[in-house]
Structure formats: structure tokens, C-alpha cells
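Here is the structure we will look at, set down as C-alpha cells.
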Amino acid sequence: MSSPALLALSDGTVYHGHAFGARATAIGEVCFNTSMTGYQEILTDPSYKGQIVTMTYPQIGNYGVNSQDVESWRAHCSGFVIRELSPIVSNWRADYSLAEYLLQYGIPGISGIDTRALVKRLRVRGAMPGCLTTEGLTPADAIARAQAWGSMEGRDYVTEVTHEESFAWDPQDRDSGAFKLTKETVAASPREIRQPMPPADLPIVAYDFGLKYNILRRLRQKGFRTQVVPAHTSAADVLKLRPAGVFLSNGPGDPAALGSIVREIKTLVDTGIPIFGICLGHQLLGQALGGRTFKLKFGHRGGNQPVKDLDSGRVEITSQNHGFAVDAASLPSEVKVNRINLNDQTVEGLRHTTKPIFCVQYHPEAAPGPHDSTPLFSDFRDLVTRHG
Amino acid sequence: MPKRTDIHSVLIIGAGPIIIGQACEFDYSGTQACKALREEGYRVILVNSNPATIMTDPEFAERTYIEPITPECVEKIIVREKAEMARMGATGKLVLLPTLGGQTALNTAMTLHRQGVLEKHGIEMIGAKAEAITKGEDRETFKQLMLTIGLDVPISGTAHTIQEARQVAERIGRYPLIIRPGFTLGGTGGGIAYNREEFEEIAKRGIDLSPVSEILVEESLLGWKEYEMEVMRDRADNCVIICSIENFDPMGVHTGDSITVAPIQTLTDKEYQIMRDASFAVIRAVGVETGGSNIQFSVNPENGRMIVIEMNPRVSRSSALASKATGFPIAKIAAKLAVGYLLDEIRNDITRETPASFEPTIDYVVTKIPRFAFEKFPQADPTLTTQMKSVGEAMAIGRTFKESFQKCLRSLEIGRSGLGGDGKPWRIGAEMIDDRAIFPRELINRRLSVPNAERVFFLRHAFRAGYSLEDVFQLTKIDRWFLIQIEELVKFEEELAALKN
């Protein structure tokens, strides 16, 4: 049997379970994700920086971890909480077990706890700080550390996860084609089969606040040639690259702690350049357009959030991961809320009525999650083309 | 879009007598549909020859016909009800909802359509149009349709000579191969060839036996993983997956006879989403406008190649399971979608606050295990094949697969408390074997390699007899993830037994 682990919450609750992954202690905001698949993408999504992620689905690790389905260069969350870890890996693409993968990045995991009780607590009391230890800390020590952590509000994690240098995304087109399952005759390396792509003829700049690779893949699939720039790049430096449009990425932490970035976005907004934002990018854009953000009680994290497009009436099942939202009442009249969450009516999308600007709170790039919203990348292409 | 106001009465065809493959699950869905439609103020007319159903209780329909489910009879009912509606001065139409009564209802509706009866009386089919039903039900049409939308189907080819047959076999490139002679009664003369010698023999025999000297040679998917998706669509083309299902038993066993598990356990998100996209592509291509469909896939465990097996353009056995597994009432919602509602206009029964346009996500595992009654049919061959033989099923929910699996075995009412270790002896043929006895390898090998009703228990017997996970996998092709769960249960049984000593 594995060694013991414990998860302590700032409200004094302690869960005892089994350790897996790294022998370490992690402190951060305990949140939960309701996706039944996609733990690998969740682990490697930089937006989870500073968070201890609980999976509501109980059987985790079944299909292992592979070298293709990564959303960034490493795993980012502070700790990982699950009900039951699969003792083996069963999938034709698996390269590692989940435990090996977490160990590689120094992330501690806890299994064998009542994740349903934990999630119910988080739903009632809201996401709260926690301390996950596989190093044998005492419960009292772990609770004290969780309490000392403070809050997600006011935290800037973007500076920690953004790339330090600007780079061109996948100039050789090695990683951007849509993943395909093999068909009919099986190729030599069936896992590498990817769909062909159009020429990369539209140059854009993508701000990296904790950018997921699948956004870059989707942009490439729509013919964008993307230059990724660090989060603190000035608007002037972005414009020097003469992009046809600007993309604002997802990312971790509190959007209200990023005032300097909001100012640069405001400058870009004023130039009239086409802008598309996702998640944190949407929240920053919301602020740049004059709105405010607020913290949700326990956030939206999962792959089944229904979003209604108020213009078309269509409903998209979306992938989401956010703990903050844009306050609809704070927005000026030229910014229209064009998408809402059908569960709690919060803002899911904004469109500027006169400028070529739109953004969504959810993740149209999925990974993990449903592909219903992929057409948004085509919408961005249309928008940029119209303004070119 | 609100509900349709041009409809006055809805005719629902039930599933009729209980037979293997079509039992009370269709009563469950039909009853839900009747309630949903009456709630909306429609007049419900029901025909079902089986009075031992809930749906034929007087309160579920305005008019209940306990009459044979035949095209002739349904036509008479249509004539009578149209006259009745005229007498009532009804302004709306009489429509037919054929997708809730299993295959019987669907076939009856299709016969009425082909005979021109529906057209003659001006009866519209709601839920699924005749064209969509044909596309979904006719194997060859469906296969061609799948190829046109870029999905994969089993590789096959027809041959009229042994040379042609060899060419097809070469193109497919691996054994086993399935050989089906054309136009022989019940497919006599066909078979599965595991090597070249067998292939030559069966192919020759097939060509000889076929009156048109034609055989179909098809790649075999035996041993591949099998999956199901429960899809719903509304008339604004909103599509959602209600439930994904992974079969414990690999391809070769009828889904109704397979142990099935929800949700899918061994696909990554990338693979799952490709299957989800494919499910929507299928329901759109087949043209099921509103309601639920069940789509079956097979995946090669070696390389992930995904094949579309079939789709049911109607509420199916799996829909009843998916409804109970997720709390999403598929038949009820399907009935409301059929009369024009959109998914986001219908409330979710569980939360009561959020709309039905969502995909249930669960924090538990659901297992269904079929119940067999071979003791009542001593002449029947207990081997499980592509023809359904189970007479019922149990379903259980647990926080882990192991918990739901054990609860489900206990719920079968076959006297066992789970996988074993309950102290009760095992009846194997005429012999009684003690619960904790080690079974002979020869018997274990036989019972594992050929799917049968007791195979699940022989997984335990095999692990207890010292078989490795790999041994059991090679004999059964049951996914290693399921096998390790069983092995862990067996290990725990041993731990408990050791405590007793």
C-alpha cells in the first residue's frame, strides 16, 4: 500500500488518503473540475497555476498520460485530488502513468478521499485555500499553512507562467493539425496522424497569459501565423510587429490584479485592431472596455457548461475553467453581452458594437471538452479578414 | 420555438409483448412519453397489445387500444380516431410518434409508410421521418452514408470467385475474416475464418451455396473495444450527449448481453471528443430531426481506429439505462422535442433550475449486467453471440467501478452476493464446486475463451487459480482496466479470507 497523504482546508477540515505523484507539500486554492475525461489537459493548463484541482469523476488515471495531449510545456497545478487512481494504464497512446507524470513535475497527489464530500463543501462554502501534503505534515500544521495562504483575489500568476521570450508558433507545422484517429489502413505511426491545414497567411500576435497550446493549434488550423508574446509586452511593441489581429489568451489568477496589462489592451482597443479574447483574455478585455470582474463562489470548471448564443439562439456545450467573471452591469452601452451561461446567467461572451472586438469566457479550443465552439476561430478569421 | 399548436392528437405505438431484446424498458420510455405529451395538453392515443404494461393503465392516455400491433390494426385505429377528432371538432392534426416503442413500433410505422397508409390519411410521423429511419436501419445504406461523411466502417468486398475472394482478403490484410454468402436463408454457409485454409474452405462453400454465387468478405472486429453514445437533437440542431457507455465485453457479444459501464473509462479526452463529434455527424447525416438516438462504435485497442457499427434512430434499451444512469429522462425529453420544443426550453428534472440543454456529468460509475435464464431453456446454446439471449438486467451505481459492479452482481437475484467468496457453492453443469475451491485450468480456459453467461465469475476463478492479468486478457480480450479491477476484488477477497484464518 502507498504512503499516507492529507488534504487540509482553511476551514479546518482534514481528509486523509493515499499519496501518489511527488513527495511534496502544495498550498493553493482548492477547486474542482467536473470533466469525466481530460485530466492530462487539465494538469498542463497554465490557468490552474496556484490551484489544487479535485476531479469529481472518481476513476482517474485509467488511460495514463501521453506525450501529445499536452496543453503547455509542463504540468502547472499545485496539487491533484482524486477518488481512485488506476493501478494500470490502458490506452494505446499512453506513455506514462499519471503518478509518474506528477512525480516528474514535483506535484503531489492524494487519492482515496471522499471527493464528493469535499466538492459539496466547496460548493456550499466556496473555493478555499488548502494544503495537500504527502510529506507527513501534521493536520494542525497543514491547516495553519492553508490559512496562511490567503486568497486567490489579488494574485498575479500570469507573470509566473508566461513565456519570457516571444516566439513563432509551430513554423514547421509539426504540432498544429487536428488530431485524428487512424482510418482504414494503419500508418507506421498512427498516433501522429494529423489533418492537413490551409496556408498560414494571416499574421497575428497572441498574448501569452498562460496560453494553452490547443488555442495556437486552432489558430493555425484557420490559417493564422501566430507570434506569441510575453504577457507584459507593450501595445507599442505588439503594433511594431504589424499584426492583422491580436489574440488575448487564457491564464491563471485574479484578472483585477493585472492593471498594467489592462492599460496596454486599452491602447490596442483604441487603435481599432481586431481583437479576440478567451477566458482571462475576455476578463482583461472586459476591464479594458470599462467593465469590472468579480470572483465566483466556486467557479465554472468542467466540460458541460451550456452557453446560449443570444444572437442565433443556439446552445453550445462548452469547456470552462474560470473562477472570476465579468459583471454585466458594469459594461458600457457599446459593449453587448451576446452569450450567457444557462446555468447561472453569467456573462459568457462580449461583442463591441462598433469595433472589431469579441471575446468569450469559455474555451472554444476545448482540450479537454466538447468541440461545439470551434467555429469561433473561423469568426475571428472572418473578422480579421474584413478589417484587413 | 414553442411547442407545435397544429397538433391535436398523438398516436403512440407501444412495444407489444415482452420478448428477449424488447422488454419493460420500452414500457418505461413509452409511459414517460405519454405523461410528457399529456402534460403539454395533447390528446394521447396509445396502441399496445400488452395489457401487462404501465403505459396501458387508464390514466396514461385519453384512448388506449389493447389491440395487435399490426399495420392493418393501426390503420383502423387511425381511421376511427380521425372520425372521432372530426366529431370533437378538433382543428389540429393527428400525428404518429413511432420512436418510443422499440423495433416493433418502428417497423409497424415503416410498413404503414411504405403501404402509403400514412400519406392516404394525412398522418405525419414526428420524431423521425421515414427517410431517416431507412437511412439508419438499412445496413448497406447506412454504411455508404458513413463513408460519405468521412467515418470509418469495416472493410469489406464482394466476390463471385475464389480468386476475387482472395483479392478481398488480401486487401483487408488480416484474419479473422467474416464470410457471408449472398441470399442464403439465414446466412447459411457463412462463417468466420481464422486462417488461410479456413478462408479458402468457407469462401468456396459460400460461393457454391449462394444462389447468385456471391459472398461478402468482411474484416472481423472480434475482440475490439465497443462503445455507445446516447445522443439527443432538437429541431434547431442543438445536439447533446446524454451518456457514454463502454462495454466490458469486447465486440462479438450483443450489447444486450454485454456488461456495460457508464461513462467511458479508457478513452482520452481527444479520443472521446472525436467520438462525440462523430455521433453528431451520424445523427445529422441520418437526419433524425428530434429526439434520441443510440450510436455504436468499435475501437481497435491496438491503434485506436474507430469504426461506426450501427445506430438506432429511436429510443432504445440503452436509452432507458442512460436515463437511469444520469437522471436525464430521455424518453420524456424526446417526446417534448418531437412536438417542437428546444432543449433549452425544457427544464432539467434534477436541478429544476437549469435547462435540459446540457450534458450530464456524473461523479459515479454505473454498471449494467445482463440476467440470463439458460436453466429454463436446457436446449439453448449458452454461448453469447451477436443474437441477444438475456432475459433481463440489473443496474447499479457506485462511487467506483468495483462498488457498482459488486452491487450489480448482487442485484441479479441469482443468489450470489457479488463476484464470489460468499461461501455458496458454484453449479458447473451437473457438478457442485465449493466456493473457495480452485477450478481446473482446462475448465477456466474454456469458459474464458468463449463468451458465456458465467464468464464474469470465471474471471475470479482464473485469478484465484493464479492466472496473470495478461493470461486472462489473451483469453477474453476484456480491457485490462476492467481486468485489474476484478483482480483487485479477488485480492481483497483473499485478504479477507486470510483474516478468517
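Rule-based calculations on the coordinates, nothing more; no lab input. Keep in mind it's a predicted model, so treat the numbers as computed, not measured. Every residue, glycine among them, receives a Cβ derived from its backbone with ideal geometry; neighbour counts consider all protein chains shown.
Which whole number gives the average, over all residues in A:59-65, of C-beta atoms from other chains lying within 10 Å of the residue C-beta?
5
Taking Cα atoms, how many degrees apart are the long axis of helix B:162-172 and the longest axis of chain B, rounded to 10 and kept between 0 and 90? Its long axis makes an angle of about 90 degrees. Percent of C-alpha pairs per 10 Å bin in the protein assembly as shown, short distances first: 2, 11, 20, 23, 21, 14, 7, 2, 0.
Summing charges over neighbours of A:Gly223, with a neighbour being any other residue whose Cβ is under 12 Å away from its Cβ, gives +2 when K and R count +1 and D and E count -1.
Relative to the Cα centre, the charge distribution of the stretch A:4-149, modelled as +1 at Lys and Arg Cβ and -1 at Asp and Glu Cβ, gives a dipole magnitude of about 360 debye.
Diagonalising the gyration tensor over the Cα atoms of chain A and scaling each eigenvalue by 5 before taking the square root yields semi-axes of 34, 25, 18 Å, largest first. Residue-wise HN-Hα couplings along the stretch A:139-148, as the Karplus relation 6.51 cos²θ - 1.76 cosθ + 1.60 with θ = phi - 60° gives them from phi, are x, 5, 4, 5, 4, 4, 5, 5, 5, 6 Hz; Gly and Pro carry x.
The spacing between the stretch B:460-501 and the stretch B:168-244, judged by their C-alpha centroids, is 33 Å.
Relative to the dominant Cα principal axis of chain A, helix A:259-271 is inclined by about 20°. Derived scalar couplings between HN and Hα for the stretch A:276-285 equal 10, x, 10, 6, 4, x, 5, 5, 5, 5 Hz in order, rounded to whole Hz, by the Karplus curve 6.51 cos²θ - 1.76 cosθ + 1.60 (θ = phi - 60°), x for Gly and Pro. Distance between the 7 Å Cα→Cβ label points at A:His387 and A:Leu310: 2.1 nm. Per-residue ellipticity at 222 nm, computed for chain B from helices alone with -39500 (n - 2.57) per DSSP H run of at least four residues, works out to -11500 deg cm²/dmol. Remark on B:Gly392: its backbone amide H falls under 5 Å from those of B:Arg371, a criterion applied only to residues 5 or more positions apart or on other chains, H modelled at 1.01 Å from N. Remark: mean inter-chain Cβ contacts per residue of A:33-41 equal 5, using a 10 Å Cβ-Cβ cutoff to other protein chain atoms.
Once you order the gyration tensor axes a ≥ b ≥ c over the Cα atoms, which shape class does the stretch B:36-131 get: rounded for a/c under 1.5, otherwise prolate or oblate by comparing a/b with b/c? Rounded, since a/c falls under 1.5. For B:Lys389, the lysines whose Cα falls under 16 Å of its own Cα, not counting residues fewer than eight places away in the same chain, are B:Lys368, B:Lys376.
Calculate the dipole size of the protein assembly as shown relative to its Cα centre from +1 charges on Lys and Arg beta carbons and -1 charges on Asp and Glu beta carbons; express the result in debye to the nearest 20.
That gives a dipole near 1040 debye.
Taken residue by residue and averaged, Cβ atoms of other chains lying within 10 Å of the Cβ of B:257-270 number 6. Over 16 Å, how big is the tail of the calculated P(r) for the stretch A:36-138, in percent of all Cα pairs? Of the Cα pairs, 57 percent sit more than 16 Å apart. Considering only beta bridges that DSSP places wholly inside chain B, some 80 percent are antiparallel. When you filter the trypsin sites (Lys or Arg not before Pro) in the stretch A:273-380 for DSSP loop state and at most 13 other Cβ atoms inside 10 Å of their Cβ, nothing is left. Over the Cα atoms of the stretch A:272-366, each weighted equally, I'd like the Debye log10 I(q)/I(0) at q = 0.10 Å⁻¹, rounded to two decimals. Once normalised to I(0) and log-transformed, intensities are -0.22.
Which aspartates and glutamates have a Cα lying under 13 Å from the Cα of B:Lys76, excluding residues fewer than 8 positions away in the same chain? Output for B:Lys76: B:Glu67, B:Glu84.
To test your reading of the geometry: what angle, between 0 and 90 degrees and rounded to tens, separates the Cα axis of helix B:139-148 from the longest principal axis of chain B? Approximately 90 degrees, to the nearest ten. For A:Lys297, give me every one of the aspartates and glutamates with a C-alpha distance below 13 angstrom, ignoring sequence neighbours fewer than eight places off in its own chain. Those aspartates and glutamates meeting the cut-off are A:Glu29, A:Glu153, A:Asp344.
By DSSP, the beta bridges lying fully in the stretch A:4-149 are antiparallel in about 65 percent of cases. Distance between the C-alpha centers of the stretch B:433-458 and the stretch A:187-259? Whole Å please. Going from one Cα centre to the other spans 57 Å. In this rough spin-label picture, where each label sits 7 Å from Cα along the Cβ direction, the B:Asp349-A:Asp11 distance is 3.1 nm. Restricting attention to the protein assembly as shown, close to 70% of DSSP beta bridges with both partner residues there are antiparallel.
Peptides B:472-478, B:420-426, A:358-364 ranked from most to least packed, by the mean per-residue count of other Cβ atoms within 10 Å: A:358-364, B:472-478, B:420-426.
D by Stokes-Einstein for chain B, Kirkwood Rh over Cα pairs, 37 °C, 0.692 mPa s: 134 µm²/s. Just how large is the dipole of chain A about the Cα centre, in debye to the nearest 20, putting +1 at every Lys and Arg Cβ and -1 at every Asp and Glu Cβ? Computed about the Cα centre, the dipole is about 540 debye. Say the cut-off is 23 Å between C-alpha atoms; which of B:Lys225/B:Lys270; A:Lys212/A:Lys355; B:Lys424/B:Lys500; A:Lys120/B:Lys35; B:Lys3/B:Lys129 go over it? Distance filter (> 23 Å) returns A:Lys212/A:Lys355; A:Lys120/B:Lys35. Indicate the gyration tensor shape class of the stretch A:165-297 (rounded, prolate or oblate), computed on the Cα atoms with a ≥ b ≥ c the square roots of the eigenvalues: a/c under 1.5 is rounded; otherwise a/b larger than b/c is prolate and the rest oblate. Verdict is prolate for the stretch A:165-297. Along the stretch A:92-99 the Karplus relation, 6.51 cos²θ - 1.76 cosθ + 1.60 evaluated at θ = phi - 60°, assigns HN-Hα couplings of 5, 9, 5, 10, 9, 8, 4, 4 Hz to successive residues, with x for each Gly and Pro.
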